[in-house]
Amino acid sequence: MSSYCASKYALESFSDCLRREMLPWGLRVSIIEPSYMRTPIIEGHVQRMRDIWSGLSADIKDRWDEGFLEDLMKKRLNNVFIRYAENPIKVVHAVRHAVSNTVPHIRYRPGWQSSLLFFPLSMGPAWLADLFIDKSRGPSVLPAGVRTQIKE
């Protein structure tokens, strides 16, 4: 998730700068900030994890351990945000509004998770967001390589 989130954060920053640069010319830039939507990224995530795992060499599998993978896949399958992911047509409606409106919103947050949960959480203290994410994830199985380092 780190690389995915980093790319989205970079896109948000770029869009904010571009919006300010285009303002003197009367051009508008909007940011669409959906949360979990039923897309191929979510729907095929666990199978892609299995496929990647099966293609790894034995030494890499030993460093991570299959128990770690199984725990991660179980969490993905039971993730409440993924389970209640919304129809991506909400994003399409937001984009349509942004491109067809003479005064589009600066930010669109399609879906209840984005507008009612993640946006308010982002406005609070970082420790609260960290705690929420940690608790929603639950306890984790450590990769075998980390367990080995802790024992040494």
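Readers should treat all values here as calculations from the given coordinates under stated rules, not as data from a laboratory. Remember, it's a predicted structure, so these values are computed and weren't measured experimentally. So basically every Cβ, Gly included, is an ideal-geometry build from the backbone, and we count neighbours across all protein chains shown.
For helix 66-78, report the angle its Cα long axis makes with the longest principal axis of the Cα atoms of the chain; keep it between 0 and 90° and round to the nearest 10°. The two axes meet at around 40 degrees. Using mean projected area of the Cα convex hull in nm² as the read-out, say which of (1) 12.7; (2) 11.8; (3) 13.4 was calculated from these coordinates. Only one listed value fits the structure, namely (2). A simple spin-label model places the labels of Lys8 and Val99 2.1 nm from each other, with each point 7 Å out along Cα-to-Cβ. For the chain, modelled as a GNM whose springs connect Cα atoms under 10 angstrom apart, the maximal fluctuation among Gly44, Gly138, Gly26 occurs at Gly26.
Within the chain, how many lysine pairs that are 8 or more places apart, or on different chains, have C-alpha atoms less than 24 Å apart?
So the count of such lysine pairs works out to 8.
Inter-label distance, Glu70 to Arg48: 2.4 nm, where each label sits 7 Å from its Cα along the C-beta direction.
Rounded to the nearest whole Hz, the Karplus-based 3J(HN,Hα) values (6.51 cos²θ - 1.76 cosθ + 1.60, θ = phi - 60°) of segment 48-64 follow the sequence 5, 4, 4, 5, 4, 4, 5, x, 7, 6, 4, 5, 5, 4, 5, 5, 9, with x at glycine and proline.
Phi angles across segment 85-90 convert, under the Karplus curve 6.51 cos²θ - 1.76 cosθ + 1.60 with θ = phi - 60°, into 3J(HN,Hα) values of 4, 9, 5, x, 4, 4 Hz, Gly and Pro given as x.
Mean silhouette area of segment 8-63, derived from the convex hull of its C-alpha atoms and averaged over all directions, reads 6.2 nm². Compute the distance from the alpha-carbon center of segment 61-77 to that of segment 14-53, in whole Å. Distance between centres, Cα-based: 27 Å. Amide H contacts for Ile31 (H built 1.01 Å from N in the peptide plane; partners 5 or more residues away or on another chain; cut-off under 5 Å): Arg107, Tyr108.
When Lys74, Lys135 are arranged by Cβ crowding within 10 Å, least crowded first, meaning fewest neighbours, the order is Lys135, Lys74. Packing, taken as the mean count of other beta carbons within 10 Å per residue, orders the peptides 1-14, 55-68 from highest to lowest as 55-68, 1-14.
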